[in-house]
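Presented below is the structure to which this report refers.
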Amino acid sequence: MFAAEIFMHRFLLSSAVRTFNPEEADWFYTPVYTTCDLTPSGLPLPFKSPRMMRSAIQLIATNWPYWNRSEGADHFFVTPHDFGACFHYQEEKAIGRGILPLLQRATLVQTFGQKNHVCLKDGSITIPPFAPPQKMQTHLIPPDTPRSIFVYFRGLFYDTGNDPEGGYYARGARASVWENFKNNPLFDISTDHPPTYYEDMQRSVFCLCPLGWAPWSPRLVEAVVFGCIPVIIADDIVLPFADAIPWEEIGMFVAEEDVPRLDSILTSIPTDVILRKQRLLANPSMKQAMLFPQPAQPGDAFHQILNGLARKLPHGDNVFLKPGERILNWTAGPPGDLKPW
């Protein structure tokens, strides 16, 4: 789900928008694979990511003039960690760390999005997490298959390894789903991840998309692709590509504090509203905008990112610095982040 940083790099290598003449470039892209430093269990290890990013910026600032003339204001980076360029999977620690100071002028393309949060700075482009298009394609079932499951969810309700006392993970929202609806016949919810997971989503009316450690997860992508109405439980979430995807019209938003009333909220939705949302979800352009296919296709997530970058042009007068002017502090940040990579 963090692979957008890799696939964006591959896309740009052969994209028609690429130029080999830096004087012609509107934007500079620096591929830094900050989520490829993994734990033994295969989870991203964000603690070294700031040093990796600082090292990359040091490299381009030393070898070429383009970073220094704007201190990164015409550069963009893909940072698909849980909390983006705050580089930590626990919110409290991510907030304490803050966005890497050297990225304060750059544009961040990131999966994390939450209003009024220190890990989402103005001008960032929020994107969907990566979900494997080819794999999902092989699990498609006939579109007229009845949706016999009312509410569907597969995933963790508690994270006892990282939150042994409970209540911190997902701000308690997932635990509330389990405690309130584990025995409700309308809710097909479990920690099991069956081989029919994708097919089950296509047989479901509503798919729960609650926050986990961060507000986002691949379930949002999967729900849209499989035509299952996403029930978004993540207060103040900033969703990807809001200009291309009418989230209010295709999804349901339930406040975290309202999770105990989830059954009454969903059963009270009129049938015509459900059918209208399903018709909108059936639009191929809706699904395409959420995916990173190989090779790229018109209207896909790659092109939505390019659209976001294009809307930020032309660069304003405040982008390029005067001779000798400096804004960024290279020695700012937690001490551990300042160690050489």
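Some notes on this structure:
- Rounded to 10°, Cα long-axis angle of helix 271-281 versus longest principal axis of the chain: 40 degrees
- Ratio of the Cα radius of gyration of the stretch 59-109 to 2.2 N^0.38 Å, where N counts its residues: 1.26
- Each part reduced to its alpha carbon centroid, the stretch 213-288 and the stretch 36-98 end up 30 Å apart.
- Helix 301-310 vs. the chain, principal-axis angle (Cα, 0 to 90°, nearest 10): 50 degrees
- Of the solvent-accessible surface of the stretch 3-53, computed with a 1.4 Å probe over protein heavy atoms with every protein chain present, carbon and sulfur atoms account for 58 percent.
- Taking a ≥ b ≥ c as the square roots of the eigenvalues of the Cα gyration tensor, an a/c ratio of 1.5 or more together with a/b no larger than b/c marks the stretch 1-136 as oblate.
- FRET efficiency for the R18 to L275 pair, using the beta carbon distance and R₀ = 45 Å, is estimated at 0.55.
- Lysine pairs within the chain, Cα separation less than 18 Å, 8 or more sequence positions apart or different chains: 7
- Between the Cα long axis of helix 4-13 and the first principal axis of the chain there is an angle of about 60°, rounded to the nearest 10.
- Sulfur and carbon atoms: percent of accessible area, the stretch 180-227 [1.4 Å]: 49 percent
- Heavy-atom accessible area per residue - the stretch 32-116, 1.4 Å, Å²: 37 Å²
- With N the number of residues in the chain, Rg(Cα) / (2.2 N^0.38 Å) evaluates to 1.04.
- With protein chains left intact and a 1.4 Å probe, residues in the stretch 134-285 average 46 Å² of accessible area per residue.
- Relative contact order for the stretch 67-173: 19 percent, from Cα pairs under 8 Å spaced at least 6 residues apart, divided by residue count.
- 3J(HN,Hα) couplings calculated from phi for the stretch 162-178 with the Karplus curve 6.51 cos²θ - 1.76 cosθ + 1.60 (θ = phi - 60°) are, in sequence order, 9, 9, x, 8, x, x, 8, 4, 6, 6, x, 5, 5, 4, 5, 4, 5 Hz; Gly and Pro show x.
- Rg/Rh (Cα only; Kirkwood hydrodynamic radius) as it applies to the stretch 141-189: 1.14
- Kirkwood-type hydrodynamic radius, the stretch 292-341: 15.1 Å, calculated from all non-identical alpha-carbon pairs.
The values are calculated or read from the model by the stated rules, or taken from the named source; none is laboratory data. Nothing here was measured: the structure is a model prediction, and the numbers come from that model. Please note: Cβ atoms are built from the backbone with ideal geometry, for glycine as well, and neighbour counts cover all protein chains shown. Surface areas here come from the heavy atoms of the whole protein model, side chains and all, with no ligands, DNA or RNA. Shrake-Rupley method; radii C 1.70, N 1.55, O 1.52, S 1.80 Å.
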